[in-house]
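Below: the structure, in structure tokens.
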Amino acid sequence: MKTTKIRVFLLLMYVTTYVNNLQAQNPVQHYAVKGRLSGQGALQEVVIQLLHPAGKKLVKVEYADSAGNFTFDRIPAGNYIITTQSMGFARYESAPFSHQQHTQLGTIALQPLTTTLREAAVTANRPFIQQRYDKTVLNVSASISAAGSSALEVLEKAPGITIDQNDNIAMRGRQGVQVMIDGKLVPMSGQDLANMLRSMSASQIETIDLITNPSAKYDAAGNSGIIDIRLKKGKSTGTNGNITLSAGQGVYPKLNPSFNFNSKHKKLNVFASYSYNYRRDFNDLTIYRDFYNNKDEITGSINYDNYFKLRVSSHNARVGADYNINRDITVGVSANGIFTNINVGSNSVAQSYDAQHQQTGSFTTLGNNSPARNNGSLNLNYKHTLDTTGRELTADLDYARFSSGELQDYHTAYFDLNMQPSRQPYVLFGDLNGDLRIKSVKADYTQPLRRIGARLEAGLKSSWVTSDNDVKFYNRSNGGDVLDPGKSNQFIYEENINAAYLNASKKWKKLSLQLGLRVENTNASGLQVTTNETFDRNYTQLFPSGYVGYAFNEQHDLGLSLSRRINRPSYRQLNPFKVFLDPLTSSSGNPFINAETTQSVELTHTFRQLYTTKVGFSRTKDNILMVLAPDAEPNSVLQTFRNLALYDYYNISLSVPVTVGKWLSSTNNVVAYYGHYKGNVVNTDLNVSRVAFNINSSNTVTLNPNTSMEVIGTYQSRSYYGFLDVDGYWAVNVGAQRQLWKKKASLKLNVSDVFFTNKTRAVTRLTGYGERFFQLRDTRVLTLSFTYKFGGSQPGARRRTGGAEDEKRRAG
């Protein structure tokens with residue numbers, strides 16, 4: 001393993017040396033292009049593009065300062081044009097001009113935007129949801145209803161996103177979503193991932209990208225898409241930041257103070273953020289279970305009434321710095337820490353019935369769980385802009401450690417029909433400890449192919465993972481600690497993934513093309529220490545991707561994307577240890593499940609650059625399903641993960657933004673999908689399908705320049721998830737915002753799930769077992785949030801180095 005790391009490091013050094021030699025052998029004369037914008041409005045928000053006249057190929061993007069001045073530095077001699085884009089000004093395009101030495105364009109007068117679209121005037125409000133051809137963007141920092149919320153609560157309001165009763169996240173009806181933070185994969189799933197997202201304040205988040213068909217540059221993981229959470233990282237010149245205090249009340253209280261800070265002076269930019277999240281919550285879960293014989297006759301039933309009270313206390317801190325060695329080279333470091341303590345008190349009352357549905361007795365289980373999660377990560381990054389044509393080299397070194405500890409204490413008492421003790425109480429105590437360590441190194445290189453007007457991207461990545469989970473359960477029924485070897489174990493897992501990718505893209509006048517190929521080599525091994533069971537998996541797979549787009553005219557754009565992706569089981573899904581609700585109910589991972597692979601195709605049509613329609617199909621093999629099934633003991637149930645042979649998925653989505661005057665901005669998204677599950681799991685044939693749909697409407701009402709309101713409505717229809725038949729639900733979220741003190745402060749008030757309708761009802765049925773359940777959570781919450789911005793800045797400096805980075809990377 002050390003040899004592999006040394007080889008990767010030497011390869012990075014070779015690439016760096018090679019591209020620098022290329023640069024030295026091809027000197028090019030560069031000059032500045034300068035100008036000034038004039039007009040009534042926020043000139044620093046205008047996007048200025050420098051283009052080649054032939055094909056209007058992008059060269060570089062800049063923003064003006066507050067006075068309207070802008071500069072394109074180090075531009076090679078040639079012919080160019082200037083265009084502008086803004087939500088407050090009409091589009092401007094210059095005549096072609098010759099740039100042989102330093103060029104001064106003079107003053108460009110921008111006109112106010114007066115264009116209307118079907119009697120709907122365009123305004124400069126940034127909506128909560130923006131639909132783009134390759135992704136959906138949630139502008140969290142601009143949302144009223146996101147104030148005081150966690151990252152998980154923001155996702156619940158997103159179009160096409162659903163979160164089930166076990167905190168599994170699905171995108172457009174499909175699970176297997178990968179979550180990233182600032183482009184780094186989060187190695188969690190299920191409740192661990194949900195708890196981490198609950199500890200993250202929305203005030204720390206700038207945007208969330210929902211990416212359905214990632215390119216080969218992304219890790220191949222995530223067969224239903226990627227959720228990339230982009231944290232705030234201001235780059236304004238000077239010292240600035242904000243302080244937010246949010247307090248909420250549902251059935252139980254919530255508190256979320258947070259702090260964001262940024263200071264940039266000359267070559268050094270320092271940033272930091274901190275949030276504290278205190279939440280009390282509840283989960284009211286009613287379960288009706290039936291057990292069957294091989295003649296499909298009921299042999300017994302158990303009805304449960306479970307009530308969980310949760311208390312979450314979490315600290316989330318981030319600190320980092322970027323240093324510009326010179327105008328072309330930037331090095332950076334950032335550290336993140338999330339420290340969470342949870343206490344879960346449970347009260348479970350169960351009634352047992354025989355085959356004739358006559359009650360035979362009951363039992364109650366009082367539980368107390370105390371999970372603690374300490375997650376820390378460190379990132380070192382390097383960026384070298386080799387020239388103004390778009391050549392760029394970046395590298396990242398990452399180290400992360402996720403440690404967990406959990407104490408479980410369950411006391412079960414058994415009663416007869418007269419509520420008299422029928423047997424000795426059962427007392428179970430568990431001590432669960434886990435340690436997960438991740439190391440990775442990657443490098444990415446971008447090379448414009450100027451002779452053919454194309455762009456090439458290439459990269460390498462290697463990651464090393466070690467997971468060690470040690471769980472011990474003790475029977476305390478007789479007063480002492482008696483180790484239960486059937487429930488205790490130690491599981492050690494090691495994984496190494498090596499990847500390389502190549503992306504090529506070219507844009508003609510109307511046609512655009514992108515082709516990519518990623519190769520990933522996976523080496524994994526697992527050991528159950530107690531039983532001495534082992535497994536080894538070593539395989540190499542190719543993941544092609546591609547996109548072709550055609551702009552018929554200014555009204556219509558059409559694009560077709562294809563990809564192959566993989567969803568490896570998470571470390572929690574592989575972990576075989578049991579977590580108990582009561583003596584007859586438990587959940588466990590499965591170390592023997594396989595990775596699932598998906599091939600997908602999607603057609604995208606855009607009308608007037610506003611209305612987006614997507615039609616897609618995908619086929620998943622070895623689909624990973626969470627299954628409720630009978631366990632070894634009579635009338636016991638185990639929730640675990642299994643592979644299903646096949647899952648076919650069809651979808652169509654439509655995005656319709658509507659703007660009425662200056663007072664209403666509405667983004668409406670509809671997703672309809674058809675999922676077909678086919679295979680045999682736990683001795684049960686599964687062949688089910690259903691059409692389902694998700695509707696999301698996000699509406700912002702501007703009452704005056706300082707006062708606005710937001711209303712978000714969501715509806716999810718009845719749908720299948722494997723054996724689970726889930727009822728539909730709907731929810732409405734309402735918020736209001738008032739800007740104070742010349743917009744230095746704001747006061748936000750919002751109510752989530754106003755009508756308390758976000759409830760889960762579901763039915764499952766398979767060989768030997770059937771279940772119906774109903775779940776309520778603390779979803780209706782009134783939150784008041786106050787934010788104060790401090791410090792000063794120069795917006796132009798921030799925009800030149802931050803907001804336009806994506807556009808600059810597309811230059812070529």
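Against the longest principal axis of the chain, how steep is helix 2-25, in degrees 0 to 90 to the nearest 10, with axes from Cα atoms?
10
Sequence gap at least 6, Cα distance under 8 Å: using those rules, report the relative contact order of the chain to the nearest whole percent. Provide the component values of the computation, followed by the final result.
On the way: 2286 pairs, mean separation 95.9, N = 812.
That works out to 12 percent.
Among T364, N381, T412, pick out the residue whose Cα is farthest towards the positive end of the charge dipole of the range 311-437, where Lys and Arg carry +1 and Asp and Glu carry -1 on C-beta, about the Cα centre.
Checking the options against the dipole of the range 311-437, the answer is N381.
Distance between Cα centroids, the range 510-543 to the range 211-273: provide it in whole Å.
The distance from the Cα centre of the range 510-543 to that of the range 211-273 comes to 30 Å.
Among all the lysines, which ones have a C-alpha under 28 Å from K487's C-alpha, if same-chain residues fewer than 8 places away are not counted?
K309, K472, K578
Post the alpha-carbon centroid distance, the range 404-460 to the range 685-736, in whole angstrom.
One Cα centre to the other: 27 Å.
Based on Cβ point charges of +1 for Lys and Arg and -1 for Asp and Glu, what charge dipole magnitude is obtained for the chain about its Cα centre, in debye rounded to the nearest 20? Display every interim value, and only then the final one.
Working: 89 positive and 65 negative charges, 747 e Å.
Once rounded to the nearest 20, the dipole reads 3580 debye.
Would you list which lysines come within 25 Å of K56, measuring only between C-alpha atoms, while excluding same-chain residues fewer than 8 positions from it?
Here the lysines satisfying the reach criterion relative to K56 are K34, K135, K506, K507, K509, K510, K808.
Farthest toward the dipole's positive end in the chain, which of T612, A692, G241, given Cβ charges of +1 (Lys, Arg) and -1 (Asp, Glu) about the Cα centre?
Result: G241, furthest along the dipole toward the positive end.
I'd like the projected area of the range 206-357, averaged over all directions, using the convex hull of its alpha carbons. Report it in nm² with one decimal. Before the final figure, lay out each step's value.
Working: hull surface 62.1 nm².
For the range 206-357, the mean projected area of the Cα convex hull comes to 15.5 nm².
Run lengths n ≥ 4 of DSSP H only: what is the helix-derived mean residue ellipticity at 222 nm for the chain, with -39500 (n - 2.57) per run over all residues, to the nearest 500?
-2000 deg cm²/dmol
Output needed: percent of Cα pairs per 10 Å distance bin for the chain, bins running from 0 to the one holding the longest distance.
Per 10 Å bin, starting at 0, the Cα pair percentages come out as 2, 12, 21, 26, 20, 11, 5, 2, 1, 0.
Subtract the Cα-Cα distance of I243 and E494 from 0.36 nm times their separation in residues, and report this length gain in nm to one decimal.
Values: separation 251, 0.36 × 251 = 90.36 nm, distance 4.17 nm.
Stretched out fully, the I243 to E494 stretch lengthens by 86.2 nm.
Compute, for the range 308-449, the length of the dipole vector about the Cα centre, with Cβ point charges of +1 (Lys, Arg) and -1 (Asp, Glu) only. Units Debye, rounded to 20. Intermediate values should be presented prior to the final figure.
On the way: 12 positive and 13 negative charges, 46 e Å.
Charge dipole, the range 308-449, about its Cα centre: 220 debye, nearest 20.
Go through S258, A216, I229 and say which Cα lies farthest out towards the positive end of the charge dipole of the range 191-315; charges sit on Cβ, +1 for Lys and Arg, -1 for Asp and Glu.
In the range 191-315, that residue is S258.
Identify the GluC sites (Glu not before Pro) of the range 538-616 meeting these criteria: DSSP loop state and at most 13 other C-beta atoms within 10 Å of the C-beta. Before the final figure, lay out the partial values.
Numbers: sites: E554, E596, E602; in loops: E554.
Here the GluC sites (Glu not before Pro) that fit, given the DSSP loop and packing criteria, are E554.
If neighbour count is taken as other Cβ atoms inside 10 Å, put I163, I325, I169 in order from fewest to most.
Values: I163 17, I325 11, I169 23.
Final ranking by Cβ density, sparse to dense: I325, I163, I169.
Taking the Cβ-Cβ separation of L380 and D296 as r and a Förster radius of 45 Å, what is the calculated FRET efficiency to the nearest 0.05? If you can, show how the numbers build up before the last one.
Numbers: r = 61 Å, r/R0 = 1.35.
In this case the efficiency is close to 0.15.
Sort out for me the Cα centre separation of the range 597-620 from the range 276-314, rounded to whole Å.
After rounding, the separation between the Cα centres reads 38 Å.
Based on the mean of other Cβ atoms within 10 Å per residue, sort peptides 522-534, 692-704, 213-225 so the most packed one is first. Intermediate values should be presented prior to the final figure.
Details: 522-534: 14.8, 692-704: 19.1, 213-225: 24.0.
Going from most to least packed, we get 213-225, 692-704, 522-534.
Values quoted throughout were computed directly from the atomic coordinates according to the rules given, and no laboratory measurement underlies them. All values reported here derive from a predicted model rather than from experimental measurement. Glycine also receives a Cβ, built like all others from the backbone with ideal geometry; neighbour counts cover every protein chain displayed.
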